[in-house]
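Peer 1: Encoded as structure tokens, here's the structure I'll be asking about.
The values are calculated or read from the model by the stated rules, or taken from the named source; none is laboratory data. What you are looking at is a predicted structure, and each value in this text was computed from that prediction instead of being measured. Note that we place each Cβ from the backbone using ideal geometry, even for glycine, and neighbour counts take in every protein chain shown.
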Amino acid sequence: MRTSYAVLIVMFLALGPIPQAYAQKYGGTLQAMLETNPGSLSLLDESTIATNWCMMPVHNNLVLFHPLKAQESLDTIAPELATGWRWSEGGTVLTFALHEGVRFHDGRPMTSADVKHTFDVVRGASKFTTKLSPRKLWYANVADIATNGDREVTFRLKRPQPSLLVMLATGFSPVVPAHINPRDLRTTAVGTGPFKLKEYKAGQYVHVVKNPDYFVRGRPYLDAIRYNVIRNMSTARAALQAGQIDIDGVNQTTFASMEVLKSAQPALVFTYTDRTNVPSLLFNTHQPPFSDPRLRQAVSMGIDRQAFAKAVYKGGVLPGGVNLPPPLGAWGLPQDQLDALPGYGDIRKNQARAREIMAELGYSATKPLRVTVLTRNVPQTKEPAIWTVSNLKSVWIDAELQTIEGPELYSRLAAHRFHLVAWSQGIAADDPDVNFYETYGCGSQRNYTDYCKPEMQKLYDEQSQEPDLALRKQQVLEIDKRLITDVARVIYGFRANYNAMWPYVKNLVPHQTNYSYGRMQEVWLDK
């Protein structure tokens with residue numbers, strides 16, 4: 001069994017960047033920001049940071065990445081609703097002991113039945129269903145979930161899968177109540193977390209307040225958090241500068257934004273992180289003309305990734321393939337191997353070869369390919385999309401940009417009703433299982449390009465169960481190369497963020513991923 005809950009809490013506090021003993025202050029409302037409305041309030045259904053950021057404080061996981069450690073890995077996973085865990089039967093059985101005395105916000109006790117219910121729903125093994133279940137393939141290797149009384153739950157796997165713990169530790173893996181239909185959690189929020197939903201007004205705010213019955217003694221420090229919906233970036237920056245907002249929105253502070261904010265308000269604090277957030281271009285790989293891999297390769301070779309990084313993000317993009325590259329990531333391709341792949345390396349040679357391919361396909365400068373590029377009507381994707389439309393002209397593609405609202409675009413993506421989409425997609429954790437199954441797995445809700453090859457699926461499974469870490473890393477690199485060569489999607493790089501906040505905000509530590517540090521139970525205000 002892993003470290004006991006009581007001991008872990010002591011470690012949890014000792015590891016935090018606390019200026020002096022007992023310096024934390026209770027009270028206050030943290031004013032946070034959302035750049036758009038949540039798709040819904042359900043963490044089981046949604047993939048957007050808008051839902052994740054404001055709903056993580058409402059819930060708890062079995063396990064969670066340590067909120068005070070920026071780099072996430074198996075070594076930084078801590079018990080939350082679980083008091084510990086153990087592996088058995090050759091890594092095919094994972095058993096959790098559960099904390100006593102945990103109650104949902106409606107007063108009902110949390111038991112092992114709720115854990116079983118939650119993950120049976122997510123993996124499609126329940127009479128209940130969610131609307132989307134975007135992470136269903138994360139749990140495809142789970143054969144059964146069994147309870148042993150109220151305080152123990154066991155996941156039985158078809159094969160070993162160490163990364164199951166990683167998936168359970170992301171912010172998209174809360175335990176939800178079995179006594180509430182999952183469909184109802186799209187419009188209400190009932191969790192066990194440090195905060196309770198008080199009010200949600202679409203287009204205005206999400207307001208959560210302190211849970212006085214929270215099972216972790218002394219938490220949370222804050223009285224409330226108000227997530228203000230501010231769609232206009234200039235308005236958002238002005239609110240932050242004026243102190244009306246305490247922290248920026250996730251992924252909102254690029255290098256250019258940081259320069260503006262720092263000049264206007266030197267007192268602001270900025271924390272640099274390279275995120276598993278990927279500006280990219282998505283194809284409909286099963287619909288002409290982009291069902292032709294030659295055309296996809298021409299597009300990839302035509303994208304000037306260095307120019308994109310400079311023009312759109314002032315250099316704030318880390319070159320990479322499918323996984324976050326070293327030294328910030330554990331699994332991505334190093335630069336020398338990346339440069340040897342189609343679409344990387346010498347841009348002049350790449351674009352010349354791209355035009356040769358386009359000519360072979362019947363296109364020319366006077367007879368360009370005419371397509372529509374869709375994107376969300378938010379700066380995070382709109383600015384890269386404008387640059388993309390201009391860049392594609394260099395390889396004889398005449399693209400028209402169409403901006404639409406998030407819910408409609410997600411619907412179009414899910415139904416594969418598009419040709420090209422300028423997109424920015426986050427990866428929930430720096431782990432191959434998380435990325436491969438969710439983003440490139442056959443049948444995955446978030447495999448928007450519908451890229452599907454059974455032989456690749458077999459490779460995903462092989463690396464997933466490989467116990468030798470060095471060998472697994474080599475397998476992952478080879479998969480990365482295959483996905484880039486097949487041009488499952490065009491990846492521009494990994495976007496850096498500069499995470500702006502006022503210095504009185506304490507213990508909010510941005511992580512390398514967007515999706516797992518929003519619990520907010522350790523955050524306090526020094527004012």
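Peer 1: Scan the stretch 73-102 residue by residue and report those that are crowded, with 18+ Cβ neighbours inside 10 Å and closer than 16 Å to Val216 by Cβ.
Peer 2: The answer is Ala78, Pro79, Glu80, Leu81, Ala82, Thr83, Gly84, Leu98, His99, Val102.
Peer 1: Taking the stretch 364-394 as the search range and keeping residues that are at pLDDT below 95 and assigned to a helix (DSSP H, G or I), which one is surrounded by the fewest Cβ atoms within 10 Å (Cβ to Cβ)?
Peer 2: Lys382
Peer 1: Only one of (1) within 17 Å of Gln287 (Cα to Cα); (2) in contact with a Leu (Cβ under 7 Å, 6 or more places away or on another chain); (3) among the acidic types (Asp, Glu) fails for Glu438. Which number is that?
Peer 2: (1)
Peer 1: While we're on this one: Tell me which residues, restricted to the stretch 173-205, are touching a Leu at 6+ places or on another chain (Cβ under 6 Å) and over 21 Å from Ser47 (Cβ atoms).
Peer 2: none
Peer 1: Is there a residue in the stretch 430-446 that is touching a strand residue (DSSP E or B) at 6+ places or on another chain (Cβ under 6 Å), modelled with pLDDT of 95 or more and farther than 30 Å from Tyr26 by Cβ?
Peer 2: no
Peer 1: Across the stretch 435-458, which residue is nearest to Pro134 (Cα to Cα) among those that are within 19 Å of the chain's Cα centre (by Cα) and among the hydroxyl-bearing types (Ser, Thr, Tyr)?
Peer 2: Ser444
Peer 1: Let me ask something additional. Of all the residues that make up the stretch 32-58, how many are out of contact with any Gly (no Cβ under 9 Å at 6 or more places or on another chain) and either of a type in the set (D, E, K, R) or closer than 12 Å to Val208 by Cα (or both)?
Peer 2: 0
Peer 1: Let me ask something else about it. Among the candidates Glu438, Glu466, Glu478, which residue alone is acidic (Asp, Glu), surrounded by fewer than 19 Cβ atoms within 10 Å (Cβ to Cβ) and in contact (Cβ under 8 Å) with a residue 12 or more places away in the chain?
Peer 2: The match here is Glu478.
Peer 1: Considering the stretch 106-134 alone, what residues qualify as being in a loop (DSSP other than H, G, I, E, B), out of contact with any helix residue (DSSP H, G or I) (no Cβ under 6 Å at 6 or more places or on another chain), modelled with pLDDT of 90 or more and among the charged types (D, E, K, R)?
Peer 2: Answer for the stretch 106-134, where residues must be in a loop (DSSP other than H, G, I, E, B), out of contact with any helix residue (DSSP H, G or I) (no Cβ under 6 Å at 6 or more places or on another chain), modelled with pLDDT of 90 or more and among the charged types (D, E, K, R): Asp106, Arg108.
Peer 1: Something else now. Consider Leu240 carefully, then state whether it is within 23 Å of Asp526 (Cβ to Cβ), part of a helix (DSSP H, G or I) and not hydroxyl-bearing (Ser, Thr, Tyr).
Peer 2: It is true that Leu240 is within 23 Å of Asp526 (Cβ to Cβ), part of a helix (DSSP H, G or I) and not hydroxyl-bearing (Ser, Thr, Tyr).
Peer 1: Can you work out which of the residues in the stretch 190-216 that are out of contact with any Pro (no Cβ under 9 Å at 6 or more places or on another chain), at pLDDT 95 or above and outside any strand (DSSP E or B) is surrounded by the fewest Cβ atoms within 10 Å (Cβ to Cβ)?
Peer 2: The selected residue is Pro212.
Peer 1: How many of the residues making up the stretch 159-185 are closer than 18 Å to Gly518 by Cα and among the hydrophobic types (A, V, I, L, M, F, W, C)?
Peer 2: The qualifying residues number 7.
Peer 1: Determine whether Gln297 is farther than 24 Å from Ile386 by Cβ and among the polar types (S, T, N, Q).
Peer 2: For Gln297, the condition - farther than 24 Å from Ile386 by Cβ and among the polar types (S, T, N, Q) - is not met.
Peer 1: Do you know which residues across the stretch 477-521 are among the β-branched types (Val, Ile, Thr), at negative phi and either in contact with a strand residue (DSSP E or B) (Cβ under 9 Å, 6 or more places away or on another chain) or not in a loop (DSSP other than H, G, I, E, B) (or both)?
Peer 2: Ile479, Ile484, Thr485, Val490, Ile491, Val505, Thr513
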